[in-house]
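Everything below concerns the one structure shown next.
The values are calculated or read from the model by the stated rules, or taken from the named source; none is laboratory data. Just so you know, these numbers come straight off a predicted model, no measurement behind them. Cβ sites come from the backbone with ideal geometry, for glycine too, and all protein chains shown count toward neighbours. What goes into the accessible areas is simple: the full protein's heavy atoms, side chains included, and nothing from ligands, DNA or RNA. Shrake-Rupley method; radii C 1.70, N 1.55, O 1.52, S 1.80 Å.
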Amino acid sequence: RYTAGKSLRSLLLSSSPPEVPLHSEIFLETGVDLNHKAVVAGHWKMIHIGREWNDDLRHFELFDLTEDPGERVNLIGRNAIAASYLKRRLSGWALSQEKLADIGTEGIEKTLTEKEIQELKALGYIK
């Protein structure tokens, strides 16, 4: 359900869960260094492990959050339909994040000192 422009006040004050989810998919970066990308869709969660994108299934984990809320059983080789769909969605989101990261970095060297540029690179803000 599209919620832009709607007040969420009643939801926040309610003691019962919403009738329908607020989001159909949630994308996030996780891991100690935020080097894993993940998508949660319905009761499924897929995680891509590693900073560099790789289509190799060994870099993915798939969990059924209803049956396995502790994310202990990786189902990546057991549900090809869910794995394929979530991998495609996660790949698209990861690509869009890379494109956003590149916006505005051209010419930045002209306004920052070399030290500032190195600090921003070390923090992962620029490439």
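Can you find, within the range 22-54, the residue that is most open to solvent (accessible area, probe 1.4 Å) among those that are small (Gly, Ala, Ser) and closer than 30 Å to Ser10 by Cα? Walk me through how you get there before you give the answer.
Taking the range 22-54 first, the residues small (Gly, Ala, Ser) are 24, 31, 38, 41-42, 50.
After this cut, where a residue has to be closer than 30 Å to Ser10 by Cα as well, the list is 24, 38, 41-42.
Details: Ser24: 94, Ala38: 0, Ala41: 16, Gly42: 69 Å².
So the residue we want is Ser24.
Filter the range 78-127 down to the residues that are among the charged types (D, E, K, R) and assigned to a loop (DSSP other than H, G, I, E, B), then identify the one that is modelled with the highest pLDDT.
Arg78
From Leu75, Leu62, grab the single residue that is over 16 Å from the mean Cα position of the chain (by Cα) and modelled with pLDDT of 95 or more.
Of the residues listed, the single one that is over 16 Å from the mean Cα position of the chain (by Cα) and modelled with pLDDT of 95 or more is Leu75.
Of everything in the range 34-83, what is in contact (Cβ under 8 Å) with a residue 12 or more places away in the chain, touching a Phe, Trp or Tyr at 6+ places or on another chain (Cβ under 9 Å) and charged (D, E, K, R)? Give them in sequence order.
Lys37, Lys45, Asp64, Glu71 - these are the residues of the range 34-83 that are in contact (Cβ under 8 Å) with a residue 12 or more places away in the chain, touching a Phe, Trp or Tyr at 6+ places or on another chain (Cβ under 9 Å) and charged (D, E, K, R).
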